[in-house]
Amino acid sequence: MTPGARRPDELFAAAEGGDRAAKARLLSLVERGGEGARDVGRLSAPRAGNAYTIGLTGAPGAGKSTLTSALIAHLRAAGDEVAVLAVDPSSPFTGGAILGDRVRMQDHATDPGVFIRSMATRGHLGGLSLATPEAIRLLDALGHRWIIVETVGVGQVEVEVAGKADTTVVVVNPGWGDSVQANKAGLMEVADVFVINKADRAGVEQTQRDLQQMLELSGEGAALANAGWTVPIIPTVAARAEGIAALWDAVIAHRDHATATGVLERRRRFRLGEELREIVARRLELRARDVCTGERWDALTDDVLARDIDPWSAADQMLAAVDA
Ligand SMILES: Nc1nc2c(ncn2[C@@H]2O[C@H](COP(=O)(O)OP(=O)(O)OP(=O)(O)O)[C@@H](O)[C@H]2O)c(=O)[nH]1
Ligand SMILES: [Mg+2]
């Protein structure tokens, strides 16, 4: 730690008092992973548990940020505060997306009831899937009741992250094939609500029929997992803030349904289990790296090379060292 830098607990106390810079610092620690993220996690966990998360995902350019901006306005008009995490996938090709988000959401930049943060986890393996729930937990612990998480719905990790919200909204556009793309990307399975954004363009009805059909095909399994919830399909024109109230109503209807049927609790438990498993896997991996180095490792590798021992038995010996 650099001299004079505030400790995580000091930052946390400041953030609780409304210090936005402290909040941003804490999120940076989460983003970076490692010991700092752990400290933040220890502070957040006991204080979290009151937020509701809405995942917003879809193809690049589908209008997620424009929708988010419109949802923020909708919530603010009702007097609610909101936090937004725009999760930027590690790919360097999407570097421009962050800037785009900032520009589009700038309307809300000076509103103290709105907190917007882009999150990138470039460079560390699996960073996104661990950093996102930790960032959500931090914002939850700091008193945010509504947390919107925007992710680009390409790539397995991104879709997984999107599917981890309490309510997941999948955004498509009108036009032949867009719903097919959504299906291919695995977005069909994670959708609690569908939005056909850019409904000012032709082909809305056709897309609606396509989606309907695919939802019916994905069938009973999905319906069962969601306790009979019927996924609504909401047309919107985000650029003109049209359909935003209907979208928000659909989110609330899903929340109420998931709460009443126990789906919400089940999902949250499942999600935590997955996170825990991932934390354990990551730590085991780091332990393995520690163990698989040094004199003993070199000697064992020599033995395998000389065929004095087979690789599996050698691995058993190394694993015994991990356990120790
Ligand atoms: N015609 C039309 N254009 C829209 C609508 N909503 C958004 N757009 C435009 O679509 C473009 C992409 O919008 P964004 O909100 O940045 O889309 P995004 O899904 O967040 O994009 P990425 O974060 O880069 O994946 C922008 O030029 C918007 O102005 C709409 O309802 N109708
Ligand atoms: Mg965006």
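Details
- Hey, Ala246 more than 30 Å from Ala131 (Cα to Cα) and more than 13 Å from ligand 1 (Cβ to nearest atom) or not: yes
- Among the residues of region 190-214, the ones that are more than 16 Å from ligand 2 (Cβ to nearest atom) and under 19 Å from Glu150 (Cβ atoms) come to 6 in all.
- Odd one out for Trp176, checked against (1) modelled with pLDDT of 85 or more; (2) over 22 Å from the mean Cα position of the chain (by Cα): (1)
- Ala250 part of a helix (DSSP H, G or I) and farther than 30 Å from Arg145 by Cα: no
- Members of region 66-76 found to be within 8 Å of ligand 1 (Cβ to nearest atom) and open to solvent by less than 10 Å² (accessible area, probe 1.4 Å), listed by number: Leu67, Thr68
- Region 263-313: number of residues that are at pLDDT below 95 and not in a helix (DSSP H, G or I): 3
- For region 211-220, the criterion of being more than 13 Å from ligand 1 (Cβ to nearest atom) and closer than 23 Å to Gly273 by Cα is met by no residue.
- Failed condition for Leu142, given (1) at pLDDT 80 or above; (2) within 16 Å of ligand 1 (Cβ to nearest atom); (3) in contact with a strand residue (DSSP E or B) (Cβ under 9 Å, 6 or more places away or on another chain); (4) farther than 16 Å from Ala62 by Cβ: (2)
- Within region 162-176, being more than 13 Å from ligand 1 (Cβ to nearest atom) and open to solvent by less than 10 Å² (accessible area, probe 1.4 Å) holds for Ala165, Asp166, Thr167, Thr168.
- A single member of Ala241, Ala315, Ala246 is of a type in the set (Gly, Ala, Ser) and over 30 Å from the mean Cα position of the chain (by Cα), and it is Ala315.
- Cβ separations smaller than 6 Å between residues 6+ apart or across chains give the following pairs from region 77-88 residues that are within 16 Å of Ala15 (Cβ to Cβ) and open to solvent by less than 10 Å² (accessible area, probe 1.4 Å) to residues that are modelled with pLDDT under 90 and within 16 Å of ligand 2 (Cβ to nearest atom): Leu85/Arg117; Leu85/Met119.
- All conditions but one from (1) open to solvent by less than 60 Å² (accessible area, probe 1.4 Å); (2) within 11 Å of ligand 2 (Cβ to nearest atom); (3) modelled with pLDDT under 85 apply to Arg104; the one that does not is (1).
The values are calculated or read from the model by the stated rules, or taken from the named source; none is laboratory data. Bear in mind that the values here come from a model prediction, so they are computed numbers and not experimental data. All Cβ positions, even for glycine, are placed from backbone atoms using ideal geometry, and neighbour counts span all protein chains on display. Each accessible area value is taken on the protein alone, full model and side chains, heavy atoms only, with ligands, DNA and RNA left out. Shrake-Rupley method; radii C 1.70, N 1.55, O 1.52, S 1.80 Å.
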